[in-house]
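These notes concern the structure reproduced below.
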Amino acid sequence: MFDKITKTWNPVIGCLHNCSYCWARPMAETKLSHMDKYKDGFQPRLAESELKKKFRRQYVFVSDMGDLFGEWVPKEWIIHVLKAIRNSPSSYFLFLTKNPQRYFEFLDVFPKNLVLGATIETNREYKVSSAPLVAERYEWIVRIPYHNKMVSIEPIMDFDPDIFVGWLKEISPVVVHVGYANYNQNIPEPSLDKTADLIGKLSSFTKVKVLRLREKYT
Ligand code: SF4
């Protein structure tokens, strides 16, 4: 389970974290700009028509075109999404945020068929976005009392192996995604050997889904 995402679903779009490596914003502002829900570009928005969708036995990545738990997202929008998820009990839904602190607001109403994810690209603090610090994300996700947690190390950035592996062990995710950026986005990447070593260490205690791997851009 949790090997393969079979659907993406965007009932809430947009994001204000302003990551330098973001691929979703340019896509929303160009390729997808003809769609009604992207008519304001990447401004946060609830796409109400999406809430009617139902899924059967899928593993659904929710809001890959935004951050559903960004601090700017009204609580009611998230409640709408959780209600819609209750109509699809045979599927699992992956949330992925850079603001896992907000998961605590909803612990009492989360259904059981979720995977609560946090993006933690490294243990080091690089100035690549206005999202919460990676150390804060780790501190919040490690404390979440939920049975399915995941961590996305994508796009991977150079890291300190002992500290980073220690964080992942403590978080105890059901799966970790690891991948490099899609393009040369001028972020500090580790060597392929270093990443391969990380994957080996993580694989000793959790499932690792390897996404894009390549030698770093120079
Ligand atoms: S969190 Fe994701 S969607 Fe938001 S700016 Fe960063 S890369 Fe883009």
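Only the coordinates and a few stated rules stand behind these numbers; no lab work does. What you are looking at is a predicted structure, and each value in this text was computed from that prediction instead of being measured. For neighbour counting, all protein chains shown are included, and Cβ atoms are generated from backbone atoms with ideal geometry for every residue, glycine included.
Regarding F95, is this residue in a strand (DSSP E or B) and without any contact (Cβ under 8 Å) to a residue 40 or more places away in the chain? Against the criterion (in a strand (DSSP E or B) and without any contact (Cβ under 8 Å) to a residue 40 or more places away in the chain), F95 qualifies.
Just name the residue that is farthest from the ligand (Cβ to nearest atom) out of those in the range 112-123 that are under 19 Å from V174 (Cα atoms) and in contact with a Phe, Trp or Tyr (Cβ under 8 Å, 6 or more places away or on another chain).
Going through the range 112-123, the residues under 19 Å from V174 (Cα atoms) turn out to be 112-122.
Pick out the ones that are also in contact with a Phe, Trp or Tyr (Cβ under 8 Å, 6 or more places away or on another chain) and you get 113-118, 120, 122.
Numbers: N113: 23, L114: 19, V115: 17, L116: 16, G117: 12, A118: 11, I120: 12, T122: 14 Å.
The qualifying residue farthest from the ligand (Cβ to nearest atom) is N113.
Annotation: of all residues in the range 1-10 being surrounded by fewer than 17 Cβ atoms within 10 Å (Cβ to Cβ) and part of a strand (DSSP E or B), the one that is farthest from the ligand (Cβ to nearest atom) is K7. Scanning the range 11-46 for residues that are in a loop (DSSP other than H, G, I, E, B), more than 15 Å from the ligand (Cβ to nearest atom) and of a type in the set (A, V, I, L, M) returns a single hit, M35.
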